[in-house]
Amino acid sequence: MYSRRPKQVAAGRTEVQRMILLPLLVLLAGCGAGEAPRGSLPAGQDRPLLLLVTPGSVVDVDAVAHVSVKAAGADSTITLSPGSHGLAVAGRRVTGTFAGVGAVRVSVASRDSDGVLKTIQFNIVAPAPEPGRPVLPDRPFTYDDLQLDLPPSYRESRQSGAPYWDTTPETNPVSDAGATLGRVLFYDKRLSSTNTHSCGTCHQQKHGFAEPRSFSVGATGEPTRRNAMGLANVRYSLRDRFFADARVRTLESLALIPIQDHVEMANTLPNMVAKLQATDFYPPLFQAAFGSAQISADRVGMALAQFLRSLISYRAKADTAYPEGGDSRFPEATPGFTAQENEGLKLLIDGNCLHCHVDRVLTMVDPANTGLDVESVDPGQGDGTFRAASLRNIRHTAPYMHDGRFQSLREVIDHYDTGIKPAQSLSPLLRVRNGDAPRRLNLTERQKRALEAALDTFTDSAMLEDPKFSDPFH
Ligand code: HEC
Ligand code: HEC
């Protein structure tokens with residue numbers, strides 16, 4: 001069953017392929033972007049923003065020339081990310097012996113001919129050996145939602161977008177083969193330049209596809225700016241907007257962002273495609289998913305989006321509290337719940353919680369300011385407004401909020417109870433009725449416990465343990 005390709009062979013083949021493919025791809029990209037000869041490319045746009053070296057090798061690069069011929073000036077400032085693997089800046093060069101494996105982020109700040117300060121970044125990377133091959137079931141798992149035992153309201157959303165704002169585009173429905181490919185990509189560390197990070201490094205199944213610490217550590221060893229949120233029900237988004245500040249549209253385009261982020265996966269799309277092409281298992285997976293073995297960044301984005309959209313939560317205890325066929329906006333007290341859970345459900349409704357964390361999918365329609373700070377350091381979508389991911393599996397996605405400031409659900413409840421700050425753009429739903437002041441719930445200990453019990457009914461253990469969402473490389 002488990003056939004791991006010998007590592008040396010894997011690395012050897014890829015190395016050769018990369019040497020042939022990369023310059024080709026880079027040249028092609030350069031040509032496509034305006035037939036400019038290589039020496040006069042505009043500000044770093046079409047240059048390879050990635051420099052691959054062997055661990056332990058001597059590095060000596062002209063950083064300014066690497067990012068931009070035009071911007072080469074005496075006033076360029078070059079900085080390296082902390083944990084510089086033995087590299088240092090000497091004038092406009094980055095030099096040293098690359099210690100270990102990893103990525104160093106190089107920032108080159110220069111003034112262009114108009115005097116405008118521009119910062120261009122690239123990564124110097126000594127990759128770890130590539131991972132082995134994934135182990136996949138003989139018959140693919142079922143991801144196609146039309147074949148799943150979904151509640152009717154979920155099913156209707158796929159057909160008509162309502163009631164839960166399903167973002168699945170007609171051009172990229174979830175198929176078993178497409179999501180299978182997406183699953184492999186999601187867990188493949190090859191997607192990072194360093195071979196150290198996959199999506200699953202920061203989005204962990206047992207933690208509801210969130211990160212169990214406030215900030216994740218990316219390929220350069222630097223922390224991410226925000227907490228990695230859970231991914232359950234990510235497909236349900238009224239405005240098709242994602243991230244805590246709702247800055248990105250469509251999961252297809254989002255999926256390619258962490259790959260190219262200079263901190264997270266520190267890769268370029270051409271390098272990623274070349275690595276996937278050099279394996280023996282990706283061409284058949286692309287063939288099955290898209291009808292041809294061609295590997296492109298667009299297809300990677302599409303397959304990842306399919307896997308993300310397959311992360312549907314509908315098997316939690318709370319699901320039994322939503323009567324089918326009716327208006328499933330709010331859960332209803334149900335005999336299947338304990339008295340404590342039912343009390344908690346009522347508190348969730350009375351506390352306006354489910355006006356923002358809405359409907360059975362428990363995602364959020366519009367970003368809001370929850371009064372975490374009077375003045376938010378991180379503006380989010382503006383004035384300290386943020387978007388939360390679905391409250392599904394919330395017990396397991398700690399720490400909480402965009403900056404992971406709360407370690408436990410109790411801390412979150414205490415915030416909504418008595419901790420809301422008088423921020424300028426605090427949501428009216430969190431202010432006292434007919435007034436400006438932040439609302440105080442003044443919950444008793446018993447009520448706080450009931451709220452926690454109700455939030456626990458959002459845990460979807462079937463999802464957290466489903467092998468079709470697990471890491472196929474282990
Ligand atoms: C180094 C850690 C890291 C890696 C690797 C990573 N992510 Fe994330 N992810 C984050 C962080 C942090 C956020 C929150 C960013 C924000 O809100 O600005 C996030 C947010 C997301 C979201 C938004 C969810 C929502 O509700 O808006 C999706 C979807 C996502 N990541 C998918 C992926 C995919 C797909 C990959 C792999 C290609 C990936 N991530 C790799 C850290 C990571
Ligand atoms: C005005 C809209 C609004 C109301 C009302 C509201 N929330 Fe939230 N909630 C948010 C936003 C926005 C976030 C994300 C804030 C951030 O990331 O900084 C959030 C975050 C959370 C989180 C953490 C999510 C995560 O993944 O980190 C939990 C848990 C939560 N809310 C529970 C509740 C409960 C319980 C109530 C009722 C007592 C409630 N919310 C009321 C808007 C609201």
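Nothing in this text is a laboratory measurement; each read-out follows from the coordinates by a stated rule. The structure presented is a predicted model; accordingly, all values stated were derived computationally and were not measured. For neighbour counting, all protein chains shown are included, and Cβ atoms are generated from backbone atoms with ideal geometry for every residue, glycine included.
Quick look at the values:
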{"quantity": "Listed residues Tyr164, Gln340, Leu50: farthest to the positive end of the dipole of the chain (Cβ charges)", "calculated": "Leu50"}
{"quantity": "Flagged links, alpha-carbon separation over 21 Å, of Lys317/Lys448; Lys317/Lys346; Lys206/Lys346; Lys346/Lys448", "calculated": "Lys206/Lys346"}
{"quantity": "Nitroxide proxy distance, nm - points 7 Å out along Cα→Cβ at Val135 and Ile349", "calculated": "4.7"}
{"quantity": "Point-charge dipole on Cβ atoms (K/R +1, D/E -1) for the range 223-358, about Cα centre, debye to 20", "calculated": "360"}
{"quantity": "The range 317-462, relative contact order [Cα under 8 Å, separation at least 6], %", "calculated": "29"}
{"quantity": "Lys/Arg +1, Asp/Glu -1 at C-beta; the chain dipole; positive extreme among Ser296, Ala278, Tyr236", "calculated": "Ala278"}
{"quantity": "Relative contact order (%) - the range 228-352, alpha-carbon pairs under 8 angstrom, separation at least six", "calculated": "23"}
{"quantity": "Hydrodynamic radius (Kirkwood) for the chain, which is based on Cα pairs only, to one decimal in Å", "calculated": "24.2"}
{"quantity": "Relative contact order of the chain, pairs being alpha-carbon contacts under 8 Å that are 6 or more residues apart, as %", "calculated": "15"}
{"quantity": "Additional length obtainable on full extension of the chain from Arg395 to Asp240, 0.36 nm per residue less Cα span", "calculated": "53.3 nm"}
{"quantity": "Among 437-450, 457-470, the order from most to least packed when residues are scored by Cβ within 10 Å on average", "calculated": "457-470, 437-450"}
{"quantity": "Protection-proxy order for peptides 372-383, 167-178, each taking the mean of Cβ atoms within 10 Å per residue, highest first", "calculated": "167-178, 372-383"}
{"quantity": "Separation in nanometres of the label points that stand 7 Å from Cα toward Cβ, at Val374 and Gln424", "calculated": "1.3"}
{"quantity": "Chain lengthening between Ser113 and Ala99 when straightened (0.36 nm per residue, less Cα-Cα)", "calculated": "1.4 nm"}
{"quantity": "Gain upon complete extension [Ala65, Leu148; 0.36 nm per residue less C-alpha separation]", "calculated": "24.5 nm"}
{"quantity": "Sorted peptide list for 92-102, 137-147, criterion being average Cβ within 10 angstrom, highest first", "calculated": "92-102, 137-147"}
{"quantity": "Helix-only mean residue ellipticity at 222 nm for the chain, each DSSP H run of n ≥ 4 adding -39500 (n - 2.57), per residue, nearest 500", "calculated": "-8000 deg cm²/dmol"}
{"quantity": "Cβ-Cβ FRET estimate between Thr250 and Ser408, R0 fixed at 30 Å, reported to 0.05", "calculated": "0.35"}
{"quantity": "Listed residue (Ala88, Leu150, Tyr314) projecting farthest to the positive dipole end of the chain, Cβ model", "calculated": "Ala88"}
{"quantity": "Net charge contributed by nearby residues that have their C-beta within less than 15 Å of Gly419 (K/R +1, D/E -1)", "calculated": "+2"}
{"quantity": "Size of electric dipole in the range 317-462: Cβ of Lys, Arg +1 and of Asp, Glu -1, about Cα centre, debye, nearest 20", "calculated": "240"}
{"quantity": "Within-15-Å neighbourhood charge of Ala339 [Cβ basis; K, R +1; D, E -1]", "calculated": "-1"}
